[in-house]
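Some notes on the structure that comes next.
The values are calculated or read from the model by the stated rules, or taken from the named source; none is laboratory data. Just so we're clear, the structure is a prediction, and the values are computed from it rather than from any experiment. Here the Cβ is made from the backbone with ideal geometry for all residues, glycine too, and neighbour counts use every protein chain on show. Each accessible area value is taken on the protein alone, full model and side chains, heavy atoms only, with ligands, DNA and RNA left out. Shrake-Rupley method; radii C 1.70, N 1.55, O 1.52, S 1.80 Å.
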Amino acid sequence: MSEFVRIDRDVLTRYEGNPILTAADFPCRMRAVYNSSAIKCRHPGAEGRYVMLCRSNQINHKTLLWGADSADGLKWKLRPRPFQMPDTDWWHRYASTVYYDPRITWIDGEYLVLLACQNTAFTRVALFRSPDLEQLEFVNYINAPDNRNMVIFPEKAPDGRYMRLERPNIAAAGGKGNIWLSFSPDLIHWGDSYESLQTDQVWNYGLAGLGPSTVPYRTDEGWLIIFHAIMNNCTTREYSTGAALLDLDEPWKVRHVTRYPILYPEADYEINGLVEHVCFPCSKIIEDDGTVKLYYGGADTVQCVALGTLDDILYACRNW
Ligand code: BMA
């Protein structure tokens with residue numbers, strides 16, 4: 001493949017109304033809202049509505065999970081209060097500091113929600129289920145430490161097992177590392193794990209770590225995945241976004257990956273904030289006409305969306 005690809009236009013365009021949510025939109029004093037997940041509802045009676053689970057920081061930086069609703073996926077109305085989280089010793093033991101970066105999968109007629117949870121020592125991922133995203137039922141933590149950025153596929157493998165992408169935190173890789181894929185018969189017990197996209201494959205923008213960002217999307221050419229990629233330099237730790245196509249039969253195998261990021265911090269609200277130079281997606285919605293809404297946090301401070309088309313993203317996977 002040539003070292004030079006003439007890139008004349010962007011794959012994704014920042015929505016003119018960005019940021020779509022900020023701390024000022026809440027009915028109480030908050031510090032930030034970012035890395036939230038939106039989904040187009042699939043449960044009976046709600047088809048066509050959009051719900052967002054927002055990562056929101058109080059002024060002491062303790063997180064809350066706060067719902068928001070929308071009729072078009074662009075203009076959002078926050079609910080009056082945050083989600084009620086579990087009040088059990090088991091929950092608090094591993095979510096004692098923050099819970100964050102939600103991911104939502106619709107599968108088998110229900111929503112599965114994953115949240116990275118942190119205590120003062122490490123990260124585990126919590127699984128919740130919900131029929132309607134009005135309330136969340138905590139199921140359990142679904143990994144041993146230290147691992148996060150999990151997304152569950154919207155379909156099971158041909159043998160009936162669930163599939164997820166994840167990013168174990170490898171100490172030797174500075175706490176980050178490569179993307180892996182694991183299988184589970186019941187959502188609780190996970191294994192049969194395979195290494196998937198590796199930092200070396202996108203070293204020019206992701207050498208310092210990767211993480212699956214959004215729920216994989218089936219196309220004829222493979223599972224489309226969007227990932228965040230971390231690049232260290234002297235003054236910043238830049239979080240940008242890439243895309244890849246995974247094999248449909250052996251979904252840990254990377255068929256194509258963008259050697260150039262499809263989104264990277266450029267706008268003021270991505271460069272300046274609580275953590276500078278961060279675009280961090282957690283969800284995307286692909287509409288029936290192929291338009292894409294990619295939801296991402298800007299600088300760990302505000303919630304944004306970028307717009308594009310499925311065709312352009314697939315083109316970038318194949319050719320960039
Ligand atoms: C990662 C996660 C994200 C965050 C990013 C930049 O490790 O914690 O939630 O957006 O760092 O601070």
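Does G191 satisfy being open to solvent by less than 30 Å² (accessible area, probe 1.4 Å), closer than 21 Å to A116 by Cβ and free of Cβ contacts under 8 Å to residues at least 12 places away in the same chain? Criteria met by G191. Residues of the stretch 135-148 include at least one that is buried (at least 17 other Cβ atoms within 10 Å of the Cβ), at pLDDT below 95 and under 25 Å from I226 (Cα atoms). Scan the stretch 158-185 for residues that are aliphatic (A, V, I, L, M) and in contact (Cβ under 8 Å) with a residue 60 or more places away in the chain and jot them down. The answer is M163, L165, L181. Among strands (runs of 3 or more DSSP E) entirely within the stretch 117-235, having at least 2 residues that are within 16 Å of the ligand (Cβ to nearest atom) singles out 123-130, 147-152, 162-168, 209-212, 222-232. State whether the residues of the stretch 208-216 include one that is modelled with pLDDT under 95, within 16 Å of the chain's Cα centre (by Cα) and not polar (S, T, N, Q). Looking through the stretch 208-216, at least one residue is modelled with pLDDT under 95, within 16 Å of the chain's Cα centre (by Cα) and not polar (S, T, N, Q). The residues listed here are R31, R14; of these, the one that is of a type in the set (K, R) and in contact with a helix residue (DSSP H, G or I) (Cβ under 7 Å, 6 or more places away or on another chain) is R31. Checked against the criterion of being within 22 Å of H92 (Cα to Cα) and under 17 Å from the mean Cα position of the chain (by Cα), the candidates V139, V125 yield just one match: V125. Can you find a residue that is within 13 Å of the ligand (Cβ to nearest atom) and either open to solvent by 20 Å² or more (accessible area, probe 1.4 Å) or out of contact with any strand residue (DSSP E or B) (no Cβ under 9 Å at 6 or more places or on another chain) (or both) anywhere in the stretch 239-259? The answer is yes; a qualifying residue exists.
Residues in the stretch 206-238 that are touching a residue at least 24 places away in the same chain (Cβ under 8 Å) and open to solvent by 10 Å² or more (accessible area, probe 1.4 Å): L207, A208, V215, Y217, R218, T219, E221, M231, N232, T236, R237, E238. Scanning the stretch 260-299 for residues that are touching a Cys at 6+ places or on another chain (Cβ under 9 Å), assigned to a loop (DSSP other than H, G, I, E, B), closer than 17 Å to Y34 by Cα and within 16 Å of the ligand (Cβ to nearest atom) yields Y264, P265, A267, A299. Identify all residues within the stretch 300-313 that are open to solvent by less than 10 Å² (accessible area, probe 1.4 Å) and either in contact with a helix residue (DSSP H, G or I) (Cβ under 7 Å, 6 or more places away or on another chain) or not in a helix (DSSP H, G or I) (or both); write none if there are none. If the condition is that a residue be open to solvent by less than 10 Å² (accessible area, probe 1.4 Å) and either in contact with a helix residue (DSSP H, G or I) (Cβ under 7 Å, 6 or more places away or on another chain) or not in a helix (DSSP H, G or I) (or both), then Q303, C304, V305, A306 are the ones that fit. For the stretch 42-75, a residue qualifies if it is farther than 24 Å from P86 by Cβ and in a loop (DSSP other than H, G, I, E, B), and the qualifying residues are R42, P44, G45, A46, E47, G48, R49, A71, D72, G73, L74, K75.
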